[in-house]
1. Let's see if you can work this out: charge +1 on each Lys and Arg Cβ, -1 on each Asp and Glu Cβ, no other charges. What is the dipole magnitude of the chain about its Cα centre, in debye to the nearest 20?
2. Between segment 61-116 and segment 14-29, how far is it from one alpha carbon centroid to the other, in angstrom?
3. Could you tell me the accessible area of K59 in Å² (1.4 Å probe, neighbours in place), rounded to the nearest ten?
4. As an exercise, find the ratio Rg/Rh for segment 79-156 from alpha-carbon atoms, using the Kirkwood inverse-distance average for Rh.
5. Please compute the Cα-Cα pair-distance distribution of segment 36-128 with 10 Å bins starting at 0, giving whole percents from short to long.
6. Assign unit charges at the C-beta atoms only (+1 for Lys and Arg, -1 for Asp and Glu), then state the dipole size of segment 1-76 relative to its Cα centre in Debye, rounded to the nearest 20.
7. Enter the accessible area per residue of the chain (Å², integer; probe 1.4 Å; all protein chains in place).
8. Using a 1.4 Å probe on the protein chains only, how many percent of the accessible area of segment 116-160 belongs to carbon and sulfur?
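The values are calculated or read from the model by the stated rules, or taken from the named source; none is laboratory data. As the structure is a computational prediction, the values presented were derived from the model and not from experiment. No Cβ is skipped: glycine too gets one built from the backbone with ideal geometry, and neighbour counts run over all protein chains shown. Surface accessibility is based on the protein's heavy atoms, side chains included, excluding ligands, DNA and RNA. Shrake-Rupley method; radii C 1.70, N 1.55, O 1.52, S 1.80 Å.
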Amino acid sequence: MNALPFLDRESAGHALAAALAPLAGKEALVLAIPRGGVPVGRVVADRLDADLDVVLVRKIGAPGNPEFAIGAVDEQGHVHLQRHAAQSGAGEAYIEERAAAELARIRQRRERYGHGRPPAPVAGRTVIVVDDGLATGATMAAALQAVRAGKPAHLVCAVPVAARDSLAAVARHADAVVCLATPSPFEAVGLHYLRFPQVDDDEVLALLAHR
């Protein structure tokens, strides 16, 4: 169990990379969830001598409470709903509308982050999906399912901190899970960092370009 709070995302990335050290030198691919997962993923990729790309998924927020995820949509347009989605008051029309809007944002991000290049191929590779933390786990679950469809040889979920129940739910979508801390009560990812600023697109682009 890692000491909390983490100083910042970079510090959390170094701690996470240490836990992932057995994967160093295995030509792994680190896929970071933008935007907060990219600073963590950059450190992990550098420490493991791995490639870095992004996996693009967008959460679908509850009606009247957009920060509370009831599901997520992936880059292929597949919608992944949480079990509590029906209790949130979200009907089929609402979900379709929000999924279409978030898919449009995903496509904009792929164009911006990848300069029109397709996502990095995952088939046959060890793939590590990284974020700065898990609250509901909806986004990570969607990311793992999207990556799994590409037939990686080994799929790892890696986060510095997570809500215990969410981590357990997400674990069934991965071959392995690496998490440094599961505090209770959890409340929000940012509460477990001393510095947790917003990450903008310019920072993501700089981190993806850095090697």
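1. Values: 22 positive and 24 negative charges, 72 e Å.
Roughly 340 debye, rounded to the nearest 20.
2. So the separation of the two Cα centres works out to 30 Å.
3. 70
4. Values: Rg = 14.6 Å, Rh = 14.5 Å.
So for segment 79-156, dividing Rg by the Kirkwood Rh gives 1.01.
5. 15, 38, 30, 15, 1
6. On the way: 7 positive and 10 negative charges, 41 e Å.
The dipole of segment 1-76 has a size of about 200 debye.
7. Numbers: 10020 Å² over 211 residues.
Per residue, the chain has an accessible area of 48 Å².
8. Details: 880 of 1500 Å².
Within segment 116-160, the accessible surface is 58 percent carbon and sulfur.
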